[in-house]
Amino acid sequence: MKILVTGAAGFIGFYVSKALLERGHQVVGLDNINDYYDPDLKFARLDELGIDRDDAENFGMHCSSATFEAFNFIRLNLEDRENLRQLFKDTQFDVVCHLAAQAGVRYSLENPEAYIDSNIVGFLNILENCRHFGIKHLVYASSSSVYGTNSKVPFETTDRVDHPISLYAASKKSNELMAFTYSHLYGFPTTGLRFFTVYGPWGRPDMALFLFTDAIVNDRPIKVFNHGKMERDFTYIDDITEGVVRVVETPFGKRQEKADRYRVYNIGNNRSEKLLDFIQAIENSLGKKASRQMLPMQPGDVERTWADVNDLIRDYDYRPNTPIKEGVERFVSWYRSYYK
């Protein structure tokens, strides 16, 4: 298949692009490589995919991979309606895996405009091109953040998600509504994946595992919000990647095509871990204790997440199986190697 992966220089997009290439697909990666976090890390991921940084730095330039013959990359903003349309017209994709977005709950409190530009306007442009250029399936990233203050656990996709507590969450819920509308009006299938706290090597520097590891290594205190009384469905990147690729390769899985063109799934580890246990796993991997700064809950944050992934197991045989201890050790090993 010929597949567009947006957010290809991002954490999940990098892994998904690599996995699709290794399975024999033709992939075009798209990313704007913004400075929400260190662009050097994004360029380093692209380098792992065989894309030269000097080429990738230029907007609108089509870059060929020195490692994967079937991979090309283009630096482009999702809001660039004209050039995005030209890309779809020239390339004639079969499937779109849309992982690009302005991420981060806390950053949405500081820079709300970025979320409207990328997550709303950008997503509309993706939908419009899927509509006009005969895309067979759109897979897109949603988020566990849509559950807001939902107190019932585990979270199920049948739960009401009408009360997002951050603009980031609201933008992701908007994506689900927009996808439903386009599936209903224009008949192409859309599948949303609500990601739950993804972690692992090459992970984002604004995520807990990276922040904690970097602070401990550099003798800084770690910030532990809600005084440590938090739980997360931490999901290792390899498990996430396998789930995404299965959905991309098999649009309907075991579900009925005509009756079920729109679908949303949770994609997580199917269990909740205590934040303090997660911190201890990092300390054990580093062989060093953290200095903990206990703080109240931050605005826009939630106390607990836990994904019910039974639908994804039923339809795609999705089976997350990476223990926290093993996943954290792999990240710490990568961190030490990458930062020497």
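Quick notes
- Cross-link partners of Lys289 among lysines (Cα-Cα below 17 Å; sequence separation of 8 or more within a chain): Lys223, Lys325
- Modelled this way, with points 7 Å down the Cα-to-C-beta line, the labels at Arg85 and Asn218 are 4.5 nm from one another.
- Under 5 Å from the amide H of Phe155 lie the amide H atoms of Trp306, Ala307, Asp308, each residue being 5 or more positions distant or on a separate chain, with H modelled from the backbone and absent for Pro and chain starts.
- Rounded to the nearest 10 square angstrom, Val302 shows an accessible area of 30 square angstrom against a 1.4 Å probe.
- Remark: accessible surface ordering of Arg194, Arg81, Arg160, Arg292 (largest first) is Arg160, Arg81, Arg292, Arg194, probe radius 1.4 Å.
- Among Ile279, Gly13, Gly187 - extreme Cα towards positive end, dipole of the chain, charges at beta-carbon: Ile279
- Within straight-line reach of Lys229, meaning a Cα separation under 14 Å, sit the following aspartates and glutamates at least 8 residues removed in sequence or on another chain: Glu273, Asp277, Asp301, Glu303.
- Dipole size of region 61-106 about its Cα centre, with +1 on Lys/Arg Cβ and -1 on Asp/Glu Cβ: approximately 200 debye, rounded to the nearest 20.
- Kirkwood-type hydrodynamic radius, the chain: 20.3 Å, calculated from all non-identical alpha-carbon pairs.
- In this simple spin-label approximation, Glu113 and Asp54 carry label points 7 Å from Cα along the Cα→Cβ vector, and these lie 3.5 nm apart.
- Accessible area in the full protein assembly, largest first, 1.4 Å probe, for Ser174, Ser337, Ser108: Ser337, Ser174, Ser108
- Difference of contour (0.36 nm per residue) and Cα-Cα distance, Glu326 to Arg271: 18.2 nm
- Helix 208-217 axis versus longest C-alpha principal axis of the chain: approximately 50°, rounded to the nearest ten.
- With contacts taken as Cα pairs under 8 Å and at least 6 residues apart, the chain reaches a relative contact order of 17 percent.
- For the chain, the longest principal axis of the C-alpha atoms and the axis of helix 39-48 are separated by about 60°.
- Checking the cross-link pairs Lys42/Lys274; Lys89/Lys173; Lys288/Lys340 against a 23 Å limit on the alpha carbon distance flags Lys42/Lys274; Lys89/Lys173 as lying beyond it.
- Annotation: Met294 carries an accessible surface of approximately 80 Å², with a 1.4 Å probe and no ligand, DNA or RNA atoms counted.
- Relative contact order (percent, whole number), region 121-205, Cα cutoff 8 Å, 6+ residue spacing: 41
- Computed E for Val153/Lys340 - FRET, C-beta separation, R0 41 angstrom, nearest 0.05: 0.50
- The C-alpha atoms of the chain define a longest principal axis, and helix 11-22 lies at about 50 degrees to it.
- Across region 1-84, the relative contact order, built from alpha-carbon pairs under 8 Å that are at least six residues apart, equals 27 percent.
The values are calculated or read from the model by the stated rules, or taken from the named source; none is laboratory data. Quantities reported herein were computed from a predicted structural model and do not represent experimental measurements. Glycine also receives a Cβ, built like all others from the backbone with ideal geometry; neighbour counts cover every protein chain displayed. Each accessible area value is taken on the protein alone, full model and side chains, heavy atoms only, with ligands, DNA and RNA left out. Shrake-Rupley method; radii C 1.70, N 1.55, O 1.52, S 1.80 Å.
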